[in-house]
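Read the structure below first, then the notes.
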Amino acid sequence: MTEIKAAITGVAGYVPEDVLTNADLEKIVDTNDEWIRSRTGIEKRHILKGEGLGTSDMAVKAIEKLFKKTGTDPKEIDLIICGTVTADYNFPSTANVISDKIGATNAWSFDLNAACSGFIYSLTTGSQFIETGKYKKVLVVGADKMSSIVDYTDRTTCVIFGDGAGVVLLEPSEDGNGIQDSILRSDGSGRKHLLQRAGGSVLPLTKENIEDGLHYVYQEGQPVFKAAVTSMADVSAEIMEKNGLTGDDVNWLVPHQANLRIIDATARRMGLTSEKVMINIQRYGNTTAGTIPLCLSDWESQLKKGDNIILSAFGGGFTWGAVYLKWAY
Ligand code: UT7
């Protein structure tokens, strides 16, 4: 029997219209364009504005583009997985809201919280449902409205994050293309360096902890940076070695876009030249679960059937990992 692999058969992305440039941030906090560019690579980020709009609204825009491109009827969708840390609500899940908004009445749906690794965790999870043969069309979304949890008086975090969403359609493939392998890891002891302290069951929201800003993203940049450089580079090298790939065999690295210096270190470790690395951090900043599908969407026209692609991410948790896939169209 031919092995069923889960293949990405369509991709789309969406970023909101409003743009927040480094020059805009200079007016809000004590920072400057030179610092932000040289330390992170970011020039601007997109921000979702408008009352009552949340993460699901960006995801829906991306999914509508995907449906149009692929000619998909929402009723054909079996399952929706949404990687996000900025869910519309604590419950129900954003994926439930998305399924309603797009009319995916035959789908079941859930969110997956793995911070910046949310997309590769969700992709790996979604691929299992295809590989069993039971499901034929799975939507994997990575979307975050980071502006809803960023403190715009904290220069150490507000320059980094942006809002955005991306989505892929997963379908069965029997020609050998699709997802080949993944290595996923987590280490919850990293939570002290990167977390949203209030708003969960440990510290429910109160007037006091909101006044203290505990509902915002808290990040100690240096320890997260060190762990990200090591872990993203290690896991990317590991998945290449495990699958007998050299730098020459890899067509594209699709790295999580947290910091240009982390991306460069990962690419160097993998033996890749810069033209094989997808980088759009300068335009979007760090959109958390959105970064990888937004890259795939931006580079879609350059991808060829059979291309060897490594996706790689590191984020809060800590969570990290890499996925090896062969592009299917
Ligand atoms: O995606 C999820 C995972 N997250 C990451 O991967 C992020 C990992 N961390 C990083 O990317 C980097 O640590 C940051 C970009 C967050 C910070 O860069 P850094 O080179 O590690 O800077 P730093 O925290 O060591 O700060 C260096 C200096 C400090 O000043 P002093 O103490 O040397 O006087 C900071 O106060 O830069 C200062 N600083 C800033 N200056 C201007 C911090 N933020 C800013 C800013 N503008 N926005």
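The values are calculated or read from the model by the stated rules, or taken from the named source; none is laboratory data. All of these numbers come straight from a predicted model, not from anything done at the bench. A quick note on method: Cβ atoms are made from the backbone with ideal geometry, for glycine too, and the neighbour counts reach across all protein chains shown. In case anyone asks, the SASA skips ligands and DNA or RNA and just uses the protein heavy atoms, side chains included. Shrake-Rupley method; radii C 1.70, N 1.55, O 1.52, S 1.80 Å.
Within the stretch 45-52, is even one residue modelled with pLDDT of 95 or more, within 16 Å of the ligand (Cβ to nearest atom) and either crowded, with 22+ Cβ neighbours inside 10 Å or not hydroxyl-bearing (Ser, Thr, Tyr) (or both)?
We begin by selecting, within the stretch 45-52, every residue modelled with pLDDT of 95 or more; these are 45-52.
From the residues that got through so far, the ones that are within 16 Å of the ligand (Cβ to nearest atom) too are 45.
If we keep only those that are either crowded, with 22+ Cβ neighbours inside 10 Å or not hydroxyl-bearing (Ser, Thr, Tyr) (or both) too, we end up with 45.
Yes, the stretch 45-52 contains a residue that is modelled with pLDDT of 95 or more, within 16 Å of the ligand (Cβ to nearest atom) and either crowded, with 22+ Cβ neighbours inside 10 Å or not hydroxyl-bearing (Ser, Thr, Tyr) (or both).
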Item to complete: Please specify each residue of the stretch 178-217 satisfying the condition of being in contact with a His (Cβ under 9 Å, 6 or more places away or on another chain) and either farther than 23 Å from Phe91 by Cβ or of a type in the set (S, T, N, Q) (or both).
Response: Gln196, Asn209
Item to complete: Might you let me know whether the stretch 158-173 holds any residue that is within 16 Å of the ligand (Cβ to nearest atom) and open to solvent by 30 Å² or more (accessible area, probe 1.4 Å)?
Response: no
Worksheet item: When the stretch 100-116 is examined, which residues are found to be within 16 Å of the ligand (Cβ to nearest atom), buried (at least 21 other Cβ atoms within 10 Å of the Cβ) and in a loop (DSSP other than H, G, I, E, B)?
Response: Ala114
Practice prompt. Please work out which one of (1) within 16 Å of the ligand (Cβ to nearest atom); (2) open to solvent by 10 Å² or more (accessible area, probe 1.4 Å); (3) not hydrophobic (A, V, I, L, M, F, W, C) is the condition Asp57 fails and give its number.
Written response: (1)
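Specify the residue that is least open to solvent (accessible area, probe 1.4 Å); the eligible residues are those in the stretch 1-44 that are basic (Lys, Arg) and more than 14 Å from Ile160 (Cβ to Cβ). Give the steps one after another, and end with the answer.
Pass one, the stretch 1-44, residues basic (Lys, Arg): 5, 27, 37, 39, 44.
Filter once more, keeping what is more than 14 Å from Ile160 (Cβ to Cβ): 5, 27.
Details: Lys5: 31, Lys27: 167 Å².
Looking at the filtered set, the residue picked out is Lys5.
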Practice prompt. Tell me, please, whether a residue that is open to solvent by 10 Å² or more (accessible area, probe 1.4 Å), within 14 Å of the ligand (Cβ to nearest atom) and free of Cβ contacts under 8 Å to residues at least 24 places away in the same chain can be found in the stretch 245-267.
Written response: yes
Practice prompt. Collect the residues in the stretch 71-99 that are closer than 29 Å to Ser231 by Cβ and either of a type in the set (Lys, Arg) or in a helix (DSSP H, G or I) (or both), keeping them in residue-number order.
Written response: Thr94, Ala95
Worksheet item: Among Val138, Val97, which is the only one that is in the same structural domain as Asn32 (by TED's automatic domain parsing) and crowded, with 24+ Cβ neighbours inside 10 Å?
Response: Val138
Worksheet item: Restricting attention to the stretch 279-298, and to residues there that are over 22 Å from Ile81 (Cβ atoms) and of a type outside the set (Gly, Ala, Ser), which single residue is nearest to the ligand (Cβ to nearest atom)?
Response: Ile281
Worksheet item: In the stretch 110-131, is there at least one residue being at pLDDT 95 or above and more than 21 Å from the chain's Cα centre (by Cα)?
Response: yes
